[in-house]
Amino acid sequence: MGIERTQEVMNILHKNGQEHIIQFMQTLNDYERELLENQILTIDFHQIAELYDNTKRKIEIKENKIEAIPYFDKTKMGSSKKNQLDTLGEKVISTGKYAVVTMAGGQGTRLEHPGPKGTFKLDVYGKGKYLFEILIDNLKEANKKYGVVIPWYIMTSKENHEETQKFLEKHGYFGYDKNQVILFPQGELPLIDKEGKLLIGKNKLIKLASDGNGGTFTSLRTSGALADMKERGIQWVFIGGVDNVLLKMADTTLLGLAIEQKVQVASKSIVKANPQERVGVFCKMNGHPKVIEYTELPSKMAEEITDEGELRYGESHIMCNLFTIDAIEKVSKEALIYHHAIKKNAYLDEEGREVIPQEPNAYKFEAFIFDAFTFFDGIAILRGKREEDFAPVKNKEGIDSPKTAKELYEKFWNMSH
Ligand code: UTP
C-alpha cells in the first residue's frame, strides 16, 4: 500500500515537473514523507499549471469596454441629505443588523513584521497602538454611539490563525466583548517559484499561502460565519482591511447611501492623488462595476479629465466595502479570478536547507475582493477624504509606511478632538 502510494506520488511529481520534491523526499523520515505524500495527493495540479500559465499572459483591456462610473461626494453633500442618509444607516446598526469583517489573512510581506499584521504596534502618542487595537477603538466608538455591540468577524490565514487568537486573548480583546469576536481562517493555494516549481516550507510540506482577500466570501460561507450572521439577523456586512488606521467601519452615510440607492454593494473611495498613483480605480466594464488595477489602466485613460476638471477614472478603491448578506452568499458561490503577485518567501531546497531570498521569488495567487463587484449591476460609491479615511500601513519605509500612517493618524485625531 505504502509503496504503491509512494509510486503514485512520484508519478504525479514527474508528470508535473516537480522532480525537485522527489529529491527533497530523500531527506525525510518515513513519517515526514507520509505527511508530504498525503498533502501532494490533495493538490490540484491542473489548477497549478493553469495559474502558472496565467502569470505569462498579459491581460488586455480594450478601451471601448470601459466607462466612467458615477459616485457621490460626501464632502459636497448638503447637511440635510447627509442627515437623511445617516438616519437610514443608524437604524440598521442600532437594531443589530450590522456586522463587520476584518480581512487579516494577508502575509504582510512588505511590512516585514514578524507576526500577523494586526499585531503590529504603530508608534502613536508615545505609548503606541496595535493595528487590531485601533480597529477595536473604532468599533467601540460606534457601539457607544448606537447602543449595540457589533459582531466582529476576523478572517485569518491558516498560518496566522493561532497567533492572532493568542494575541487577542492575551490583550483581553482590548475590552471588546469576546463573545462578539469570531475568527475564521481563509482558504489557501500553493506558492510557485518563477519556474513553476512548488516551494517546500519549513514544516517540510508544500508551502501554501492564503488565497487573497477575495477568498473572504467563500471562507465566510464554508467556515459557518455566514450562517452565524444569518442567525443573528444581520443584513449588512462591512468588509475592510486590517491595515488602514483611519478606516471607518460603521459609516452610516455609506450605509444609508446603499439603502437609498437600493443596491447590494457600496464602497468608499478617495480621489486619486495624481494620474500615476498606484491604486486601483472604479469604472464600469461591460456595464458592471469594476476596479481596474493601475497596471491595467491605459495611461491615456488614467489622464483623462472630465468637463468638471476631475480625473474621469479618479475614484480609488480603499478596501472599504459594504455588502448585503444576500450579496455575500451570492459571491461565495461564484469563482473569482486569481491574480498573481510576486513576493519574498523562504523555502527549503532539495537538500532540506533553508533559503531566505533577498528578492521576491514566488508567485502568490490571490482573488481580489473588488472582483466581486462584477456580479452586480449597481454599486453606490461614496467619495470620502484621504485625510479622514485612508492611512494604510503597507511598506516598511517610504509611502504607506508606519511613519506616514502615524502622521495621518495623529493629525486626524488632533483635528477631530
Ligand atoms: P494586501 O494585498 O495589501 O496584502 O492586503 P498584505 O498581506 O497586507 O501585504 P503584502 O502585500 O504581503 O505586503 C490587503 C488586505 O487584505 C488582507 C490583508 O490582511 C489586508 O487587510 N488579505 C490579503 C487577506 O485577508 N488575505 C489575503 O490572502 C490577502
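The values are calculated or read from the model by the stated rules, or taken from the named source; none is laboratory data. Because the structure is predicted, anything quoted here is derived from the model rather than measured. Note that each Cβ is placed from the backbone with ideal geometry, even for glycine, and that neighbours are counted across all protein chains shown.
Overview of results
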{"read-out": "Criterion (in a loop (DSSP other than H, G, I, E, B) and in contact (Cβ under 8 Å) with a residue 12 or more places away in the chain) met by exactly one of LEU226, LEU247, LEU183", "value": "LEU247"}
{"read-out": "GLU303 being of a type outside the set (Lys, Arg), out of contact with any helix residue (DSSP H, G or I) (no Cβ under 9 Å at 6 or more places or on another chain) and modelled with pLDDT of 95 or more", "value": "yes"}
{"read-out": "Selection status of VAL263, within 16 Å of the ligand (Cβ to nearest atom), out of contact with any Leu (no Cβ under 6 Å at 6 or more places or on another chain) and either in a helix (DSSP H, G or I) or modelled with pLDDT of 95 or more (or both)", "value": "no"}
{"read-out": "Matching residues, region 338-390, being closer than 30 Å to ASP193 by Cβ, away from the ligand (no atom under 16 Å from the Cβ) and small (Gly, Ala, Ser)", "value": "GLY352"}
{"read-out": "Identity of the residue in region 128-153, part of a loop (DSSP other than H, G, I, E, B) and not hydrophobic (A, V, I, L, M, F, W, C), that ends up surrounded by the fewest Cβ atoms within 10 Å (Cβ to Cβ)", "value": "GLY147"}
{"read-out": "The listed residue being of a type in the set (A, V, I, L, M) and crowded, with 21+ Cβ neighbours inside 10 Å, out of ALA346, ALA302, ALA367", "value": "ALA367"}
{"read-out": "MET285 vs. criteria crowded, with 18+ Cβ neighbours inside 10 Å and among the hydrophobic types (A, V, I, L, M, F, W, C)", "value": "no"}
{"read-out": "For ALA209: the one exception among (1) within 16 Å of the ligand (Cβ to nearest atom); (2) at pLDDT 95 or above; (3) in a strand (DSSP E or B)", "value": "(2)"}
{"read-out": "Long-range neighbours under 7 Å by Cβ, at least six apart or interchain, first residue under 17 Å from TYR173 (Cα atoms) within region 110-125, second of a type in the set (S, T, N, Q) and assigned to a loop (DSSP other than H, G, I, E, B)", "value": "PRO116/ASN160"}
{"read-out": "Qualifying residue in region 86-101 (condition: under 28 Å from ALA341 (Cα atoms) and of a type in the set (Val, Ile, Thr))", "value": "yes"}
{"read-out": "Residue count, region 101-127 (criterion: away from the ligand (no atom under 13 Å from the Cβ), part of a loop (DSSP other than H, G, I, E, B) and surrounded by 17 or more Cβ atoms within 10 Å (Cβ to Cβ))", "value": "1"}
{"read-out": "Answer from TYR52, TYR98, TYR130, TYR71 - the residue that is more than 30 Å from GLY378 (Cβ to Cβ), touching a residue at least 24 places away in the same chain (Cβ under 8 Å), hydroxyl-bearing (Ser, Thr, Tyr) and more than 16 Å from the ligand (Cβ to nearest atom)", "value": "TYR52"}
{"read-out": "Condition met for PRO289 (away from the ligand (no atom under 16 Å from the Cβ), part of a loop (DSSP other than H, G, I, E, B) and touching a residue at least 12 places away in the same chain (Cβ under 8 Å))", "value": "no"}
{"read-out": "Members of region 316-361 found to be assigned to a loop (DSSP other than H, G, I, E, B) and under 13 Å from THR216 (Cα atoms), listed by number", "value": "LYS333, GLU334, ALA335, LEU336"}
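To keep it simple, each residue is scored yes or no on (1) of a type outside the set (A, V, I, L, M); (2) in contact with an Asp or Glu (Cβ under 7 Å, 6 or more places away or on another chain); (3) within 16 Å of the ligand (Cβ to nearest atom).
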site: LYS248; (1), (2), (3): yes, yes, yes
site: ALA258; (1), (2), (3): no, no, no
site: VAL281; (1), (2), (3): no, yes, no
site: LYS284; (1), (2), (3): yes, yes, no
